[in-house]
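Only one structure is covered here, and it is reproduced in the block below.
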Amino acid sequence: VKADLVISPPVAGAPIFDLTNAARVIDGGKLAAMESMDAIKALADAAPPPAQRESLCITAKVRSIMVEGADQGLERKIQKKYASWIGKPLSNINLARAGREIAEQENVLAVDYRFEEKGEDLKVVFIVQRKPALELNFGGYTTNLHPRRWVYLHGVRRDLFSDGDSLRFNFKFGSQWGLDASYLTSSDSGKSWEFNLAAENWELETNRGARSWDRYSAGLTRRFKSGSFLGGAGYAFERVHSGGRDYDASGPTFFLTSNTLNDPTDPTSGSLFHMQAWWPDLEEVLYRITYFQAARLSDNWRFYLRAGFAEGDEKAAPGNRAVYLGAAEELYSYSGNPIQGERMAWWNAAFRRTLMRSWWGSLNTELFGGMGFVFNDDGDRYRDVWEAGVSFSVPGFLFDGKLMFLYNDEKDFKVGFFIGSPVWGHYPLP
């Protein structure tokens, strides 16, 4: 087949699997097209007229809202939420917004729509594609900086006992084991009851010696949603086995989270806020707050800020209620020997540059630094620590790995590697 016109952008020296030079290639293509603009206009003038798409009358009004593919609860929710459209002209902006809102439901994979004309009016039909009834994911995590390494199985079973419910479970195998299950009574996560069961083994080599315990727990939570925030309040029980003895406790629980990140692996805007709290035996409130902020500085540069605060109970007999700075990699260089305390605070700032983009993900480098503060039961800040370093990472779902070079306040230089994603549990919630 002979082409009427050939436009050749300069692509010499641009690797096929490296997308970091995509902007240069696109700009070259624009320039080549502009140089051939006279020939493009001549072809356009000689082309047949384009087919005209029949459009809906702008005065057409919505007669009814129908839903296909959703469970009964979600169907009623959609019809009730958008019932105000009936009798009014159709708005494309409202239609696009409704599609995004429906797609945010826990068991919805995709949303489409169609129109059925009824005279001069319309019937709007939302077509909901639900996620599969059973999903299983295998994963793992390993590093040379601390002994907490696992192979794990994540799963979710939908429509188990009723239409729209779901059971999520996670099994963690390794030198330290764990399992937990969460049952939601409705696909609307903001108006659902949640039942939780969990068991885990935890071992730490801290600055104050070895700590180990087995923890078994159960809880009931009522969820709610307001704007971008998802929360829940409930009651939970736990049994901790440590040092040959059993310790029981119960009390009210609360959590609040908000996620406005625009991408889970390479966010360029938005934030992630999470708070968890438990009041065991109505004695001392335990809570943990974390915050993450992402910002785009340029096409290849990102800025990340992480911060957190946690309140524990260092004097509790089982030992599992104290805070341990570094145990969940708040500071990487202290993950193998976390610092025990009554409360702790930490922050970390990082500048990330994308070195290469390809079909399998991206290669990034980060310059980062952070600090941590540990307080005792009297409120005195007895440890201030810091670390700085550079890392190379390949984030993503296909392969998630990181190589890190660290230096901290103890003049300790470390080289660490990380493969996979850690599963830290939901401390301090049972």
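The values are calculated or read from the model by the stated rules, or taken from the named source; none is laboratory data. Everything quoted here is computed from the prediction, not taken from an experiment. We place every Cβ from the backbone using ideal geometry, glycine too, and count neighbours over all the protein chains shown.
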key: Failed item in (1) farther than 22 Å from S217 by Cβ; (2) outside any strand (DSSP E or B); (3) under 20 Å from the mean Cα position of the chain (by Cα), with D299 passing the rest   = (3)
query = Which members of region 263-282 meet the condition of being touching a residue at least 12 places away in the same chain (Cβ under 8 Å) and either in a loop (DSSP other than H, G, I, E, B) or outside the structural domain of R222 (by TED's automatic domain parsing) (or both)?
reply = T265, D266, P267, T268, S269, G270, W279
inquiry  = Against the definition (farther than 28 Å from L167 by Cα, in a strand (DSSP E or B) and among the charged types (D, E, K, R)), how does E200 come out, yes or no?
reply    = no
request  = Just name the residue that is modelled with the lowest pLDDT out of those in region 327-360 that are farther than 20 Å from E410 by Cα and among the charged types (D, E, K, R).
outcome  = R357
request  = Take the residues in region 367-412 that are aromatic (F, W, Y) and closer than 30 Å to A316 by Cα, then tell me which one is modelled with the lowest pLDDT.
outcome  = Y382
message = Going through F237, F255 one at a time, which residue ends up being outside the structural domain of A23 (by TED's automatic domain parsing), in contact with a His (Cβ under 8 Å, 6 or more places away or on another chain), more than 23 Å from G370 (Cα to Cα) and not in a loop (DSSP other than H, G, I, E, B)?
response = F255
Count - residues of region 159-191 that are part of a strand (DSSP E or B) and basic (K, R) = 2
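So that you can scan it fast, the table gives a plain yes or no per residue for (1) out of contact with any helix residue (DSSP H, G or I) (no Cβ under 9 Å at 6 or more places or on another chain); (2) modelled with pLDDT of 95 or more; (3) under 30 Å from W301 (Cα atoms):
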| position | (1), (2), (3) |
| --- | --- |
| K225 | no, no, no |
| S228 | yes, no, yes |
| A277 | yes, yes, no |
| V285 | yes, yes, no |
key: region 388-419 - residue that is among the aromatic types (F, W, Y) and part of a strand (DSSP E or B) and, of those, nearest to the chain's Cα centre (by Cα)   = F418
query = Out of all the residues in region 342-349, is one or more assigned by TED's automatic domain parsing to the domain that holds E284, in contact (Cβ under 8 Å) with a residue 24 or more places away in the chain, of a type in the set (D, E) and in a strand (DSSP E or B)?
reply = no
ask   = Any residue at all in region 183-204 that is free of Cβ contacts under 8 Å to residues at least 12 places away in the same chain and at negative phi?
value = no
note = Of S189, S217, S212, S228, the only residue that is hydroxyl-bearing (S, T, Y) and over 25 Å from the mean Cα position of the chain (by Cα) is S212
ask   = Does region 3-20 include one or more residues that are among the polar types (S, T, N, Q), assigned by TED's automatic domain parsing to the domain that holds G119 and either loosely packed, with under 10 Cβ neighbours inside 10 Å or at pLDDT below 80 (or both)?
value = no
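A quick yes/no check of all residues on (1) over 30 Å from V423 (Cβ atoms); (2) of a type in the set (K, R); (3) at pLDDT 90 or above; (4) in contact with a Lys or Arg (Cβ under 8 Å, 6 or more places away or on another chain):
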site	(1), (2), (3), (4)
A96	yes, no, no, no
E104	no, no, no, no
N107	no, no, no, yes
D112	yes, no, yes, no
L122	yes, no, no, yes
F126	yes, no, yes, no
A133	no, no, yes, yes
N144	no, no, yes, no
query = Does at least one position in region 353-360 carry a residue that is assigned to a strand (DSSP E or B) and among the basic types (K, R)?
reply = yes
note = S162 vs (1) modelled with pLDDT under 90; (2) under 25 Å from A110 (Cα atoms); (3) loosely packed, with under 15 Cβ neighbours inside 10 Å; (4) in contact with a strand residue (DSSP E or B) (Cβ under 8 Å, 6 or more places away or on another chain): all pass except (4)
inquiry  = Here's a check for you: in region 34-53, which residue that is among the small types (G, A, S) and not in a helix (DSSP H, G or I) is modelled with the highest pLDDT?
reply    = S36
remark   = Within region 76-98, the residues that are closer than 19 Å to G164 by Cα and touching a residue at least 24 places away in the same chain (Cβ under 8 Å) are K77, I78
query = Of (1) over 30 Å from F229 (Cβ atoms); (2) modelled with pLDDT of 95 or more, Q176 satisfies all except one. Which?
reply = (2)
task = Could you tell me whether region 229-250 includes any residue that is of a type in the set (S, T, N, Q), buried (at least 17 other Cβ atoms within 10 Å of the Cβ) and over 30 Å from E203 (Cα atoms)?
result = no
task = Kindly state which strands (runs of 3 or more DSSP E) lie completely within region 54-158 and contain at least 3 residues that are β-branched (V, I, T).
result = 62-68, 121-130
